[in-house]
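Peer 1: Pasting a structure here, questions to come.
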Amino acid sequence: MKIEASSIKKIREKTGLPIMDCKKALEEAGNNSEKALELLKKRGIEIALKKNERETSQGLISAYIHTNGKIGVLLEVNCESDFVGKTEDFRELLKNIALQIAAMSPIGIEKKDIAPEIIEERKKWWNEEFSGKPEKILKKIIEGKLDDFYREKVLLEQTFVKDENTTIRDYITAVIAKLGENIIIKRFVRYELGN
């Protein structure tokens, strides 16, 4: 089966992966672009999982000031090598993550970063708000509300402001697959004038 260069180019533009990886995915997917993208995404997740345990002692600290001058972010993102830390892709990742933090105001990087007392307080509110519902239904409502809360307030669970079909976790996974190194968001601080 002949794979058109234009098809490879489109996949490469969407993923940033090497030409041969894009071509191979198209061949495996029978020249179906959507299936090829799914294959590449699955491979990216597998690569990220394999690299998940590797030490990340390099990286960069980035500062972002929003154009109105009223919101600022300090962010540390780590990778495995100084070489990757200096790449344009890594710098773009930092910029995009800082923009995400400025725009969406997360309170933690992962679910485990949210203080248990905040979760208990939310559950208490929802229990009061939906009191009178049968226990089984109330439990489902609270689980759904908690999932919504995490998607709103946990950085890795948030929808990426530049691509509504991607979470920040998926975005970082794609960059890990592309650069071939483990990458973690170490910490951040968001400043807002008056808060």
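Peer 1: Of the residues that make up region 153-164, is at least one in contact (Cβ under 8 Å) with a residue 40 or more places away in the chain, outside the structural domain of residue 41 (by TED's automatic domain parsing) and on the phi > 0 side of the Ramachandran plot?
Peer 2: No; the residues of region 153-164 include none that is in contact (Cβ under 8 Å) with a residue 40 or more places away in the chain, outside the structural domain of residue 41 (by TED's automatic domain parsing) and on the phi > 0 side of the Ramachandran plot.
Peer 1: With the requirement that a residue be surrounded by 15 or more Cβ atoms within 10 Å (Cβ to Cβ) and either in contact with a Cys (Cβ under 9 Å, 6 or more places away or on another chain) or hydrophobic (A, V, I, L, M, F, W, C) (or both), what does region 54-81 give you?
Peer 2: Correct list: 56, 58, 59, 60, 71, 73, 74, 75, 77, 79.
Peer 1: Checking residue 14 against (1) touching a Leu at 6+ places or on another chain (Cβ under 8 Å); (2) modelled with pLDDT of 80 or more, which single condition isn't satisfied?
Peer 2: The number of the failed condition is (2).
Peer 1: Further, regarding this structure: Which of the residues belonging to region 111-156 are charged (D, E, K, R) and over 30 Å from residue 98 (Cβ atoms)?
Peer 2: 120, 123, 124, 128, 129, 133, 135, 136, 139, 140, 143 - these are the residues of region 111-156 that are charged (D, E, K, R) and over 30 Å from residue 98 (Cβ atoms).
Peer 1: Where the second residue is of a type outside the set (Val, Ile, Thr) and at pLDDT below 90 and the first is outside the structural domain of residue 174 (by TED's automatic domain parsing) and lies in region 78-92, which pairs have Cβ atoms under 9 Å and are six or more apart or on separate chains?
Peer 2: none
Peer 1: Just checking, does region 82-95 include any residue being surrounded by fewer than 20 Cβ atoms within 10 Å (Cβ to Cβ), part of a helix (DSSP H, G or I) and touching a His at 6+ places or on another chain (Cβ under 9 Å)?
Peer 2: No; the residues of region 82-95 include none that is surrounded by fewer than 20 Cβ atoms within 10 Å (Cβ to Cβ), part of a helix (DSSP H, G or I) and touching a His at 6+ places or on another chain (Cβ under 9 Å).
The values are calculated or read from the model by the stated rules, or taken from the named source; none is laboratory data. None of these values were measured; they are calculated from a predicted model. Using ideal geometry, Cβ is built from the backbone for each residue, glycine included, and neighbour counts are taken over all protein chains shown.
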